[in-house]
Each structure stands twice: as structure tokens, then as C-alpha cells.
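**Student:** I have a structure I would like to understand better, so I am pasting it below and will then ask my questions one at a time.
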Amino acid sequence: MSIGERIKKRRKELGMTADDLGMAIGKDRTTVYRYEKGSIEKLPTNVLEPIAEALHTTPAFLMGWEDDPIDYEEWLNNSCYKIPDAFYPDVTDPYERAKLYYLFKQAEQEDYLRDVDRSKTKRTFKNIPLYTSISCGRGMFVDDEIEDYIAIPDKYLTPGVEYFANTAHGDSMINKGIKDGDVLVFERTSVLENGMIGSFCIDNEKAYCKIYRRLPNGMIMLESANDRYDPIMVDVTNECFRIIGRYKFKFSIEQ
């Protein structure tokens, strides 16, 4: 195989166009094609070395003196890797150790890319319960009040976090984009920060979806997102009050 053929083969292995290589070495595509076709029989060192660098190989490979396009020791020295002592301890030759580690990292990268590709094409779902009502007084959810289960794509959920859903009733949260009949998804939690939208129980009644405010005097204020509705004031010293969940997102009834 000639020098030009090796240049062309290596360029294509890297997915580079003649324009890409020409730009990397400061030449036009016509000159690159001349190199590859052998129109220029002898390439001086000051031409061959930039080509080898652009093609991530060595002049010795392009000249046909070596069959391996990669100088593994140089790759290791220019990388951020350090070969662990426990990696093939019986192989003592530095070049061979560098070569084995290069192949190991390439295989690792290929596995990663396959996993990424599978994650893009394989869509998985998690079923979360949709409640008609939620028990407050006993501090728990009542399984026999589950209306249905809804499937949510995993990409919208945080692993290890528990979720539930509830149907919105009325227009008290309209200015937050929550409409009557929307299915609201909550993350189960008992802690909220001021200004967060959450699901709440008061005195064993049905769940409320409101904006949470803790006032300096210790009172809890649950605000609506509609001026037609007054806030609900909760005195936690006299009333049974429980934070059930933090609002995450919704499924709108409108398509």
C-alpha cells in the first residue's frame, strides 16, 4: 500500500473529508487528492508530519514502516489516563501496556455509546397511582381509593422518588396553567418551601392543590392562583394539616 493509499484509508476510517484534512494541514482539497493519488511521489517531513498529526497516527505508519496507525505510548502521554498498577501486571513492556489500555478504553467507550443509543431508542415507563381521594388523618394513602394507574415515561421521573397523581377540580389554580380536569403529578414529600405548589390535607378532608406559604407567625397560608378565591389559612396548632406532595407537572385535558 502506497503512502497516498494509507492517507486515504486513514482519513476515511476517521470519517474525515478531503476538505477536513486540507483545513487541518493548511492545504486545499485538490492538494489532498494529489497526495492520496500519489501525484506527489515524495512527501517531505514538514508535510508528512502535519498529515500524520491530523490523522491521529504516525509518519512511520503512513510510510509503511509500521502496521499499527497509533503510537500508544504517545496516546497515553497526551491523554488524562494513568494505567492502574493492577491492570495486566504481568505485561511489563510500556508500549504493550499502553496498547492494551488503549484497546480497553476503546471498548469501554463503545459500550457506553451502545448504552446511550439503546437509551435513545428504548422508551420505558413507570406506572404511578391516580387517586380519587387521599387519606389525611391516618397519614397515609389508601390503596382502595386508587382510581387508575397512569404510565409516565422514565425520562420525566427521578429514580428512587415516589410519585402519585390527582385530578384537578375547579379553576382556583388557573393562573398557574392548571385547569379543571387536568391530571396533576406530585412527588411524595412532607416538606415544601415557600412559593411551591403542593398537595395538602386539612382536617381529614380531600386533598387541596395550592401555593404554600408559611407566615412569620407560624400560620400556614394556602394561596390560589385565581383572584376569585381567598387563601386558606391553617392554624397547625388547632387543625390537622399535612403536606402530601410537591407538584411536578401535569397532563392537560386540552390536546
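The values are calculated or read from the model by the stated rules, or taken from the named source; none is laboratory data. This is a predicted model, so every value here is computed, not measured. Cβ sites come from the backbone with ideal geometry, for glycine too, and all protein chains shown count toward neighbours.
**Student:** If the Cβ limit is 6 Å and pairs must be 6+ apart or interchain, which residue in the range 9-38 that is in the same structural domain as residue 63 (by TED's automatic domain parsing) and over 11 Å from residue 55 (Cα atoms) pairs with which residue that is aliphatic (A, V, I, L, M) and not in a helix (DSSP H, G or I)?
**Tutor:** Matching pairs, first to second residue: 34/40.
**Student:** Okay, next question. What do you reckon, is residue 57 β-branched (Val, Ile, Thr) and assigned to a helix (DSSP H, G or I)? Reasoning before the result, please.
**Tutor:** Details: β-branched (Val, Ile, Thr): yes; assigned to a helix (DSSP H, G or I): no.
Here the answer is no, as residue 57 does not meet what is asked.
**Student:** While we're on this one: Restricted to the range 66-96, and to residues that are in a loop (DSSP other than H, G, I, E, B) and touching a Ser or Thr at 6+ places or on another chain (Cβ under 9 Å), which residue is farthest from residue 14 (Cα to Cα)? Steps first, answer last, please.
**Tutor:** The first filter runs over the range 66-96 and keeps only residues in a loop (DSSP other than H, G, I, E, B), leaving 66-71, 79-93.
Now drop any that are not touching a Ser or Thr at 6+ places or on another chain (Cβ under 9 Å), which leaves 66, 68-71.
Working: 66: 19, 68: 15, 69: 12, 70: 13, 71: 16 Å.
It comes out as 66.
**Student:** Which pairs have Cβ atoms under 7 Å, sit 6 or more apart or on different chains, and link a residue in the range 48-69 that is over 18 Å from residue 36 (Cβ atoms) to one that is buried (at least 19 other Cβ atoms within 10 Å of the Cβ) and among the β-branched types (Val, Ile, Thr)?
**Tutor:** Listed by first residue and then by second, the contacts come to 66/58.
**Student:** Take the residues of the range 181-193 that are in contact (Cβ under 8 Å) with a residue 60 or more places away in the chain and among the acidic types (Asp, Glu): which is surrounded by the most Cβ atoms within 10 Å (Cβ to Cβ)?
**Tutor:** If we filter the range 181-193 for residues that are in contact (Cβ under 8 Å) with a residue 60 or more places away in the chain, which is where we start, we get 181-187.
Next, from what is left, pick out any that are among the acidic types (Asp, Glu): 182, 187.
Details: 182: 19, 187: 16.
Here the answer is 182.
**Student:** Could you please find all residues in the range 173-206 being in a strand (DSSP E or B) and under 18 Å from residue 251 (Cα atoms)?
**Tutor:** First pass over the range 173-206, keeping only residues in a strand (DSSP E or B): 183-188, 197-202.
Within the range 173-206, 183, 184, 185, 186, 187, 188, 197, 198, 199 meet the criteria.
**Student:** Out of the residues in the range 229-255 that are assigned to a loop (DSSP other than H, G, I, E, B) and free of Cβ contacts under 8 Å to residues at least 40 places away in the same chain, which is nearest to residue 197 (Cα to Cα)?
**Tutor:** Applying the first criterion (assigned to a loop (DSSP other than H, G, I, E, B)) to the range 229-255 yields 229-231, 235-240, 252-255.
So of that shortlist, the ones also free of Cβ contacts under 8 Å to residues at least 40 places away in the same chain come out as 230-231, 235-239, 255.
Working: 230: 16, 231: 13, 235: 19, 236: 19, 237: 22, 238: 23, 239: 20, 255: 24 Å.
For the range 229-255, the residue satisfying everything is 231.
**Student:** I'd like to check something: does the range 211-224 contain any residue that is of a type in the set (D, E, K, R), touching a strand residue (DSSP E or B) at 6+ places or on another chain (Cβ under 6 Å), within 27 Å of residue 148 (Cα to Cα) and crowded, with 17+ Cβ neighbours inside 10 Å?
**Tutor:** The answer is no, given that none of the residues of the range 211-224 is of a type in the set (D, E, K, R), touching a strand residue (DSSP E or B) at 6+ places or on another chain (Cβ under 6 Å), within 27 Å of residue 148 (Cα to Cα) and crowded, with 17+ Cβ neighbours inside 10 Å.
**Student:** Something else: For residue 112, work out the one condition from (1) assigned by TED's automatic domain parsing to the domain that holds residue 199; (2) modelled with pLDDT under 70 it doesn't fulfil.
**Tutor:** Answer for residue 112: the failing condition is (1).
**Student:** So in the range 144-172, with the set limited to residues that are within 28 Å of residue 231 (Cβ to Cβ) and either loosely packed, with under 11 Cβ neighbours inside 10 Å or among the charged types (D, E, K, R) (or both), which one is modelled with the highest pLDDT?
**Tutor:** Quick first cut of the range 144-172, residues within 28 Å of residue 231 (Cβ to Cβ) only: 145, 163-172.
Those left that are additionally either loosely packed, with under 11 Cβ neighbours inside 10 Å or among the charged types (D, E, K, R) (or both): 145, 171.
Working: 145: 70, 171: 88.
My answer is 171.
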